1. How many residues does the stretch 85-107 contain that are within 18 Å of the chain's Cα centre (by Cα) and surrounded by fewer than 23 Cβ atoms within 10 Å (Cβ to Cβ)?
2. Can you report the number of residues in the stretch 108-134 which are crowded, with 22+ Cβ neighbours inside 10 Å and of a type outside the set (S, T, N, Q)?
3. What are the residue pairs meeting all of these: first residue in the stretch 188-203, first residue under 15 Å from Ser46 (Cα atoms), second residue surrounded by fewer than 16 Cβ atoms within 10 Å (Cβ to Cβ) and among the aliphatic types (A, V, I, L, M), Cβ atoms under 9 Å, and 6 or more apart or on different chains?
4. Testing Leu44 on (1) modelled with pLDDT of 95 or more; (2) within 17 Å of Val193 (Cβ to Cβ), one condition comes back false. Which one is that?
5. Of the numbered conditions (1) touching a Lys or Arg at 6+ places or on another chain (Cβ under 7 Å); (2) more than 28 Å from Ile45 (Cβ to Cβ), Thr118 satisfies every one except a single condition; which is it?
6. Is it the case that some residue within the stretch 175-192 is of a type in the set (S, T, N, Q), surrounded by fewer than 22 Cβ atoms within 10 Å (Cβ to Cβ) and farther than 22 Å from Ser90 by Cβ?
7. Determine, yes or no, whether Ile154 is without any contact (Cβ under 8 Å) to a residue 60 or more places away in the chain, out of contact with any Pro (no Cβ under 7 Å at 6 or more places or on another chain), among the β-branched types (Val, Ile, Thr) and more than 30 Å from Met55 (Cβ to Cβ).
Amino acid sequence: MIKNTKKHMKQTAMVILLLCAVFIVISLVTYENPQQQKQISHPLISDEIKELQPMVEKYAKEYHVSDHVDVLLAMMMQESGGRGDDPMQSSESYCGEVGCIDDPELSIKQGVYYFSQTLEAADGDIELAVQSYNFGKGFIDYVEKNTGKYSQEIAIDFSRKMYDEDRETYTCYRDEAKQYDACYGDIYYVRDVMAYKDVLASG
């Protein structure tokens with residue numbers, strides 16, 4: 001009887017040890033360190049953006065904004081992911097309407113040029129220049145007359161004002177913008193562009 005009890009206890013101990021070993025292996029396989037989790041939570045940069053980077057660098061040098069290639073790539077990522085015939089969505093600044101550019105190189109050339117113009121008009125304020133790429137240069141004038149500096153609040157105010165003036169033309173594509181009745185352009189353009197910029201900076 002005692003021998004059987006000892007044998008049973010030994011078998012139980014072995015089962016417990018085996019279960020512990022399995023648990024440890026599963027934990028090691030599924031473990032993600034904080035750095036890995038941080039990378040997973042970031043937006044991804046498309047292969048198209050990486051392929052178009054040399055072209056962006058070319059025109060950034062031509063228009064004297066080489067220090068902001070990462071911003072330009074992030075903007076293109078936000079605009080189109082680098083896909084399509086107008087990856088920088090620069091048709092409106094080129095001809096005044098959507099869809100007139102059907103050549104990626106012309107799109108990038110115009111997009112970089114227009115950014116250089118907004119950056120100059122914004123006196124080097126990157127966030128103001130980036131948001132003005134989306135809103136148009138009229139946003140710079142609006143900021144100068146009101147706060148003198150870019151902020152999320154002034155972007156919402158401008159978007160709401162422009163939407164109030166022409167509700168038939170503009171549509172709220174972001175649910176977050178509906179609560180503010182700010183449906184002109186993208187009020188979170190700067191936030192999202194800077195998120196992509198951070199990814200590019202981290203490699």
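1. Going through the stretch 85-107 one residue at a time, the tally reaches 1.
2. The qualifying residues number 10.
3. Pairs that qualify, where the first residue is under 15 Å from Ser46 (Cα atoms) and the partner is surrounded by fewer than 16 Cβ atoms within 10 Å (Cβ to Cβ) and among the aliphatic types (A, V, I, L, M), are Val199/Leu44.
4. (1)
5. Result: Thr118 fails condition (2) only.
6. Yes: one or more hits.
7. yes
The values are calculated or read from the model by the stated rules, or taken from the named source; none is laboratory data. Keep in mind the model is a prediction, meaning the values are calculated, not measured. In this analysis, Cβ positions are derived from the backbone assuming ideal geometry, glycine residues included, and neighbour counts consider all displayed protein chains.
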